[in-house]
1. Averaged across orientations, what area in nm² does the convex hull of the alpha carbons in region 503-585 project?
2. Loop-only check: which trypsin sites (Lys or Arg not before Pro) in region 205-256 are DSSP coil with at most 16 other Cβ within 10 angstrom?
3. Out of all DSSP beta bridges with both ends in the chain, state the antiparallel percent to the nearest 5.
4. Just list whichever of LYS231/LYS342; LYS164/LYS349; LYS391/LYS567 have alpha carbons separated by over 30 Å in the model shown.
5. Compare the Cα positions of ILE507, LEU529, ALA517 along the charge dipole of region 503-585 (+1 at Cβ of Lys, Arg; -1 at Cβ of Asp, Glu; about the Cα centre) and return the one farthest towards the positive end.
6. Looking at the P(r) of region 379-462, how many percent of alpha-carbon pairs lie beyond 21 Å?
7. Mind jotting down the distance between the C-alpha centroids of region 643-671 and region 146-186, whole Å?
8. Carbon and sulfur together cover what percent of the accessible area of region 503-585 at a 1.4 Å probe radius?
Amino acid sequence: MSEVGTYSIEDGGIGVIEIDNPPVNALGIKTRLALDEGFRTFAADDRVKAIVLICGGRTFFAGADISEFGQPQQEPGLHEVFDIIENGSKPVVAAIHGTALGGGYELALICHYRIAVPSAKVGLPEVNLGLLPGAGGTQRLPRIVGVETALDIITGGAPVPAKKALDLGMIDAVAQEGNLREDAIAFARTIVDKPLQRVRDRQDKVAPARGMPEIYEAYLKKNARAFRGFKAPYNIVRAIEASAEIEDFDKGIEREKELFDELVTSTESAAQRYYFFAERETAKVPDVPRDTATIPVKSVGVIGAGTMGGGITMNFLNVGIPVTLVEMTREALDRGVGVIRKNYENTAKKGRMTADQVEQRMALITPAIGLEALGDVDLIIEAVYEEMGVKKDVFGKLDKIAKQGAILASNTSFLDLDEIAAATSRPDWVVGLHFFSPANVMRLLEVVRGAKTSKEVIATAMALAKKIGKVPVLSGVCFGFIANRIMAKRGSQADALVLEGPTPQDIDQAIYDYGFAMGPFQMIDLVGLDVIGRDETERSVRGDLVKADRLGQKKNGGYYDYDENRKATPSPVAAAAIADFAAFKGVKNKGALSPDDIVARLLYPVVNEGARVLEEGVAIRASDVDVAAILGYNWPVYTGGPMFWGDTVGLQKIVDGLTAMGIEPSRLLVEKAAKGESFTR
Ligand code: T1G
């Protein structure tokens, strides 16, 4: 009996190997030792005619143990264990619940049969870690579902629900929910005498694709935009090509290993594996124990039915929490409710929810005029105009209306939460819940902790964030909190650099090639020059362009000109405005800059601000800063985010670069660079 495995023999000679290695039965060394022992024991026991492999806890094996990557491998390795199973003389049935992912589903593919409960999902999400399925998944899955379907499943990485997996042949049977063990044993009895067929020996699904390299070129071309900057999808496509082109399975495995090894040693994969844990770390607040009592939130009030208020409302409707949605006029309220309905109906049109579900969610809204309707709700989120006087007025009134024990939250994106809390008699119940627009889509939620916010309110906010599908990042009180504050440095440097010679398109191209979806000037033109916050007390290029009625894509162009299809071209008008403002400011034209120098000029200051946010204690940990930048601003995940990337570049190089730019490096950055320390390694 191993530490995490138990073995039993049921009627009919069915050997059952049960692994229970919390939290997700990852295929770390303890699990591998238990599998090795179990299968060797049953192979040698003549009473055993077939074997069921099942897991305890929340899920079937959820993959290799990601924390083991980069460490010396402890024997037995995954391949050794898999060989014992696949080359055994007795049929093996994988009994799946929860999420059989990555190496977990690859283990299921090694077994001769797979049975799952209806709520189970199976998948190969290694692409999210900058990897490919390195235990045979790229060679076995095409042998079950064919090359085209395997391309989608493996480059997409999404889990496949049991019903669809059955249709695709990824599993062979569906068990009754809650009866997996019994059903798997019964299933095993039916296959005891059947001839053993291994997935690796099947050719029928891959033979038709043999000799058709155009499949893969076309696939890479079709997905060029989605795969841009990532290495793993390209290697995945090549590995799946090998499953059809290389008839000898073991040679196909060799090719898979070659392509896997390229990825597992890459910075991109290290960054994405780091990010996997970073996203799960954010909910842990050092001085708020995980068992801190949380306040039940069974009803929510949202003040403001505009874009933010409506999006915020949808998050709670989506998880069945009723919302009292408050506006000041019937017209604004009806418009807001109408937008929510329209959003759901659009989702229903795409087949992602039913008409009934739309009505169920809409029925959870209680529209109301005036704050008085909020006297009974457990949590109130204010999403009114971003002006301190307005916020303080609302919170002063809420203090009189909200029940004792209600949490009062502001969605402010940069104002001083402590000042807002001071407008109430209950600052310990005041917290910031900073959603990012569109609030029903963006996963980042900055939880802003005021000086007096209680630990229970923080614990509740962090737990509630996860319940509504957000990734919470705790922030202290400062202008712009974390994501907006550090990314503002990219914008201000872009505004300064464009006066010195590089054009908006030079700057945007460099930032696009670094991995962002678009550059800063394209973003401003998209959002609108009159919308993006700016200091109106001072002249600026943006102010001059707004005065010239150039508002961006929506009106007359902005930094670019646009044709009727919104295709951007460099704008002589914008170039003249930039030159005119540079002359006004007395900025000399220093000529063009290389893309690398443009990236350094725009992003080193972001790393520097991230260091400041850490030294001020606004953020708890460097990986939280990375999560905020990646989820809030689409910082390319394969760089790991600003702090991980800063470590990759080298902190001393960043200190020297900032100094050369005349930008003062933060104390923490200088200290770490001097000591040869890193933020994230
Ligand atoms: N390795 C190590 N720890 C893991 C883990 C893993 N594969 N998966 C989860 N954890 C930890 C996680 O850090 C957290 O820890 C706890 O389990 C609960 O996770 C050879 C190379 C399974 C859907 O990519 O998608 O196999 O914070 O908070 O929301 O080809 O975890 O509690 O200390 O996410 O219920 C491929 C990754 C690996 C699956 C559960 N497998 N995991 O979600 O809980 S590479 C994956 C998930 C591989 C092979 C390749 C999810 C989940 P802590 P959680 P959850």
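1. Values: hull surface 22.0 nm².
Mean projected area for region 503-585: 5.5 nm², to one decimal.
2. Working: sites: LYS205, ARG210, LYS221, LYS222, ARG225, ARG228, LYS231, ARG238, LYS251, ARG255; in loops: LYS205, ARG210, ARG228, LYS231.
Within region 205-256, the qualifying trypsin sites (Lys or Arg not before Pro) (loop, at most 16 other Cβ atoms within 10 Å) are ARG210, ARG228.
3. Working: 18 of 61 bridges.
Once the DSSP bridges in the chain are tallied, antiparallel ones form about 30 percent.
4. Working: LYS231/LYS342 38 Å; LYS164/LYS349 21 Å; LYS391/LYS567 40 Å.
In this structure, LYS231/LYS342; LYS391/LYS567 lie more than 30 Å apart at Cα.
5. Selected residue: LEU529.
6. Values: 712 of 3486 pairs.
That tail contains 20 percent of the Cα-Cα pairs.
7. Comparing the Cα centres of region 146-186 and region 643-671, I get a distance of 49 Å.
8. On the way: 2370 of 4320 Å².
Roughly 55 percent, rounded to a whole number.
The values are calculated or read from the model by the stated rules, or taken from the named source; none is laboratory data. These numbers come from a predicted model, not from an experiment. Quick reminder, even Gly has a Cβ in these numbers, built from the backbone with ideal geometry, and neighbours come from all protein chains shown. Note: accessible area is taken over every heavy atom of the protein model, side chains too, but ligands, DNA and RNA are not part of it. Shrake-Rupley method; radii C 1.70, N 1.55, O 1.52, S 1.80 Å.
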